[in-house]
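Enquirer: I have a structure I would like to understand better, so I am pasting it below and will then ask my questions one at a time.
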Amino acid sequence: MGKNGRFRRLIISFRRSLSDSAAGAETVPPSEFLCPISKSLMFDPAVVSSGQTFERMSVQVCKDLGFTPTLPDGSTPDFSTVIPNLALKSTILNWCSKSGSGLRPSPPSYSDIESVVCSMTGSSASAKSADCAKVRASEREELLQGVAERTQVLFSNTTSDLNPRNLYCSSSSEESVIANSTPFLAFATRPTCFSYSSSPSTSSEFVVDEGSSNYVSALSSNSSPGEDESFVSKLQSLDVYEQEQAVILLRKTTRTNEEARATLCTERLLFALKNVLVSRYAAVQTNAAACVVNLSIEKGNKIKIVRAGIVPLLIDLLRNGFDESKEHAAGAMFSLAIEDENRTAMGVLGSLQPLIHALRSGSRPCRLDSALALYHLTLVQSNRVKVVRLGATGAFLGLLKDTEVAARVVLIVCNLAASDEGRAALLDAGAVRVLADVLGSGKELASESTRENCVAALHSLSLGSLRFKSLAREAGLEEVLLEVAEARSERAREKARRILEGLRRQEDEAEEEVDWEVVMKRGVSGMRYRAGLRSCPNSN
């Protein structure tokens, strides 16, 4: 018995040691979950052009410092394009929850990654700081180089009330969508989903704990550099209820406290918001998206939000989010697109296609904000080309018959008509007939501003187009324009008069024909042109 007892104890202890070693192995993250640069569990994995996956912050630091690391396999990555690796992020989170190790990826700080990269390059701290300062000072100029057209946008101060103010394009070009003197559409500078007061119909509004309410009062009276710490810690919590309370509180705070919008929009808070934007809980996801809208109202935050990598997550919400989350995502895209330095970047990140889909099939607030987002994005030539390549011109023309969004969609059409690619695509899609139909419709089908912008679009289409005359004749445009020239606003009358003059000038030139009989008798030197050949008798 003694031997058997000792033998059993040995077997039990051996099995325990095996189980402990297996458990220890499960708590070690797989190497593909670790960033090759920071060597830590990736919080926001992103695929670069060469196919490797890094922590997004590591890529940003390497680009800022102009450093390209050499990987263990001897290859060097290409950081020219960075795409979120949402599949790997989901796999990492699943592994963390199943392993029982308590590990959880946390957003890295810029300074920590910077120290790691600098240690890899062997550069001194002073040189590092100087290089970073130069790079960050030139970031704005790099974005401006990618913008084909810079259009100054006038918008109301964030301290104003919710009444819509005029926001219109200011341009010296004759093809400008909106004249400086006559705003055709009263643009709202804030998304449709933004409001100061809680709406009873908003399903994502909940009561916040009393302790959190006290924190709001303290936030309103005191501002300190670390006031985002409380929000960040709660947003990073594994407890969904704490995340929910944190985003609701942040939403309420940034909606009513204008100072808080500027002070709370820090790098750490934006990274924490990215974590909850991908939540599958409706209340967390929707309130997080609303927080992005509120923060984006502050002009100084717009570039910060785009550079923090929020736009790809907003695109994902437009595609796969809850209904109310989609409305807030569209509102955030509109608010961010107001900043002209964001437009090229948003187009490169793939904002156009989901916005076009939301414009066609979303809810009313989603459609309205998507239309204005597309209007601002198509002020840039590169985005106009992308829209044409997506084949969206026909969809825009079809939406001109939808009174709910027609006033905004016609502005997108005007932007497209100002470029050669857009002009050709619109003519191919039958834009002349559609615009003529809108002009000929009664006021119950199209507003005055919509019809006036239709005239502006037709004027842009008529410039340098040999096809315009025949298309205009088929659509009966001349009769419609004669009516417009008598009854519309001064700007519409001027545009209509120019179109009519162009049509008649082309007609006169077409009627001038060569007298071939004279050419045959006298040679080329005797050739002459006769105007009105059809109505005048032929004589020598």
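Read-outs: derived from the displayed coordinates by stated rules, not from any lab. All of these numbers come straight from a predicted model, not from anything done at the bench. Here the Cβ positions follow ideal geometry from the backbone for every residue, glycine too, while neighbour counts run over all protein chains shown.
Enquirer: Just to verify a number: FRET efficiency for Ser447 and Leu86, C-beta to C-beta distance, R0 = 56 Å, to 0.05?
Expert: Details: r = 41 Å, r/R0 = 0.74.
Result of the calculation: an efficiency of 0.85.
Enquirer: If each of Tyr281 and Thr27 carries a label point 7 Å out from its Cα toward its Cβ, how far apart are those two points in nm?
Expert: Modelled inter-label distance: 2.7 nm.
Enquirer: Something else now. Which FRET efficiency value, to the nearest 0.05, is calculated for Arg504 and Asp402 with the Förster distance at 35 angstrom and r the Cβ-Cβ distance?
Expert: Working: r = 34 Å, r/R0 = 0.96.
Efficiency for this residue pair is about 0.55.
Enquirer: Right, next: Quote to one decimal, in nm, the extra length available between Glu479 and Arg307 on full extension: 0.36 nm per residue of separation minus the C-alpha distance between them. Please report the intermediate quantities before stating the final value.
Expert: Values: separation 172, 0.36 × 172 = 61.92 nm, distance 5.10 nm.
Working it through step by step, the gained length comes to 56.8 nm.
Enquirer: While we're here: Rounded, prolate or oblate: which fits the range 322-439, taking a ≥ b ≥ c as square roots of the Cα gyration tensor eigenvalues, rounded meaning a/c under 1.5, else prolate when a/b beats b/c?
Expert: On the way: a/c = 2.01, a/b = 1.25, b/c = 1.60.
Here the range 322-439 falls in the oblate category.
Enquirer: While we're looking at this one, here's another question. Which of the residue pairs Lys302/Lys401; Lys304/Lys326; Lys234/Lys299 have a Cα-Cα distance greater than 29 Å in the structure shown?
Expert: Values: Lys302/Lys401 33 Å; Lys304/Lys326 21 Å; Lys234/Lys299 26 Å.
Among Lys302/Lys401; Lys304/Lys326; Lys234/Lys299, the Cα-Cα distance tops 29 Å for Lys302/Lys401.
Enquirer: If packing is taken as the average number of other Cβ atoms within 10 Å across a peptide's residues, how do 427-439, 29-41 rank, most packed first?
Expert: On the way: 427-439: 20.4, 29-41: 16.7.
Peptide ranking by packing, descending: 427-439, 29-41.
Enquirer: For a Förster distance of 60 Å, can you work out the FRET efficiency between the beta-carbons of Asp239 and Arg433, rounded to the nearest 0.05?
Expert: Numbers: r = 59 Å, r/R0 = 0.98.
According to the calculation, E is roughly 0.50.
Enquirer: Determine the gain in length on full extension of the stretch Val348-Ser97; use 0.36 nm per residue of separation and subtract their C-alpha separation, reporting nm with one decimal. Numbers along the way, then the final one.
Expert: Numbers: separation 251, 0.36 × 251 = 90.36 nm, distance 3.43 nm.
Full-extension gain reported as 86.9 nm.
Enquirer: On a 30 Å Cα-Cα criterion, which of the cross-link pairs Lys386/Lys469; Lys39/Lys386; Lys386/Lys495 come out too long?
Expert: Numbers: Lys386/Lys469 27 Å; Lys39/Lys386 38 Å; Lys386/Lys495 28 Å.
Check vs 30 Å cut-off fails for Lys39/Lys386.
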